[in-house]
Amino acid sequence: MVKQKERRPGQKAAGGPGAKPRPEARRDTPVKTGGKMSASRDRGERITEPRTAASTVAAPERPLIVRNGERPPERVPVILESLGAGDFHLIDSGNALKLEQYGPYRIVRPEAQALWQPSLASHVWDNADAVFTGDTDEDGMGRWRFPREALGETWPLQLLGVDFLGRFTAFRHVGVFPEQIVHWAWMKEQAEAAKRPLKVLNLFGYTGVASLVAAAAGAEVTHVDASKKAIGWARENQALGRMEKLPIRWICEDAMKFILREERRGNKYDIILTDPPKFGRGPNGEVWHLFEHLPLMLDICREILSPKALGLVLTAYSIRASFYSIHELMRETMRGAGGVVESGELVIREAGLDGSTPGRALSTSLFSRWVPK
């Protein structure tokens, strides 16, 4: 069940003002899972490959366009909340940890923003199937401990009717970020309601769940990610769901280089999702810094939005900033475009052992979204 709430001024907002920390770079690192050695990946979509092409840029290749016209009206703060969806829900949190349900498994992972005490008894937490141990920094490597029995590297999951694989990675992540389902559900609704096949661009596409959701709803999808391992994982997910015939282009390339080329070619998209990392380094010394390069990335994204575009969605993890920083950047980028910019936080609400008992809200990331109305 997805529970979306959009809170605006005058309503009580859930979650804190911060955003969940996010790993800063991909690194090739083995992780021991169920007695096997496998590759894994950090939150820069996020299978332990260095942050290469899809997230790096040496220097701006064109100046920012000077925008004129009025800034779009704003909706702030908007809190997009999920109580859980498909095979996932947040059971409990506290003491800088979170207890989650992913399909048949209960998983314990670090969560710095869980400043409170857990609601459930310690024996519930002790009964977890998998516990991430190691460096408590978001980009720190570690390993999984399986208190009950050794588990395999992957297991099947489902969100919004899309099948995919969960995977125990060395950077604590499992192949999906469920808070994003509020954006995916919105995108699915847009694609299903359109009287034409929408063109969707998914930048930093990770394991492809969003791309599969969009394509299954009738969209033509271009999925861009730097990591060959991530693209391989995404194709595995596509095969698992028997979705090989869906119109998805899987592109392993630098995101900035790709969108610059699309701009030169005049290619346009109706919906653009972009989920850039805080920091990335490419194989040839290219460096991506979110605060330095995000303005240009958004500027190019605006140029490749179609005349009948339905949305430009940005999410940001692990940055020490208010959502207002990306909110005002989005409004400046979309000067003269009309529409509205809505920004705030993505939060997941605890749902208890039964998956339907609302508890505290855990903030996960900042977001800003332009929509035409």
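The values are calculated or read from the model by the stated rules, or taken from the named source; none is laboratory data. These figures come from a predicted structure and were not determined experimentally. For neighbour counting, all protein chains shown are included, and Cβ atoms are generated from backbone atoms with ideal geometry for every residue, glycine included.
For the reader, a short list of remarks on this structure follows.
- Identification of strands (runs of 3 or more DSSP E) wholly contained in the range 125-216 with 2 or more residues that are of a type outside the set (Asp, Glu), within 30 Å of SER306 (Cβ to Cβ) and in contact with a Phe, Trp or Tyr (Cβ under 6 Å, 6 or more places away or on another chain) yields 199-203.
- Residues satisfying the stated conditions in the range 244-253, i.e. in a loop (DSSP other than H, G, I, E, B) and in contact (Cβ under 8 Å) with a residue 60 or more places away in the chain: GLU253
Listed here are the residues, each with its yes/no results for (1) of a type in the set (Gly, Ala, Ser); (2) at negative phi; (3) buried (at least 22 other Cβ atoms within 10 Å of the Cβ).
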{"residue": "ARG148", "(1), (2), (3)": "no, yes, no"}
{"residue": "GLU153", "(1), (2), (3)": "no, yes, no"}
{"residue": "LEU160", "(1), (2), (3)": "no, no, no"}
{"residue": "PHE168", "(1), (2), (3)": "no, yes, yes"}
{"residue": "GLY175", "(1), (2), (3)": "yes, no, yes"}
{"residue": "TRP184", "(1), (2), (3)": "no, yes, yes"}
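- Here TYR206 fulfils each of the conditions (1) surrounded by fewer than 24 Cβ atoms within 10 Å (Cβ to Cβ); (2) touching a Ser or Thr at 6+ places or on another chain (Cβ under 9 Å); (3) modelled with pLDDT under 95; (4) under 26 Å from ARG349 (Cβ atoms) apart from (1).
- Between ARG27, ARG67, ARG109, the distinction of being of a type outside the set (Ser, Thr, Tyr), out of contact with any Phe, Trp or Tyr (no Cβ under 7 Å at 6 or more places or on another chain) and modelled with pLDDT of 95 or more belongs to ARG67 only.
- Residue check, GLU138 under 30 Å from GLN238 (Cβ atoms), modelled with pLDDT under 95 and either buried (at least 17 other Cβ atoms within 10 Å of the Cβ) or of a type in the set (Ser, Thr, Tyr) (or both): yes
- The range 243-291, residues that are of a type in the set (Phe, Trp, Tyr), buried (at least 16 other Cβ atoms within 10 Å of the Cβ) and at pLDDT below 95: PHE258, PHE279, TRP288
- Pairing residues of the range 86-100 that are at pLDDT 95 or above and acidic (Asp, Glu) with residues that are surrounded by fewer than 24 Cβ atoms within 10 Å (Cβ to Cβ) and in a strand (DSSP E or B), at Cβ distances under 6 Å and at least 6 apart in sequence or on separate chains, gives ASP87/GLN158; GLU100/ILE107.
- Filter result (out of contact with any helix residue (DSSP H, G or I) (no Cβ under 8 Å at 6 or more places or on another chain), surrounded by fewer than 20 Cβ atoms within 10 Å (Cβ to Cβ) and either outside any helix (DSSP H, G or I) or small (Gly, Ala, Ser) (or both)) within the range 217-242: GLU220, GLY232, ALA239, ARG242
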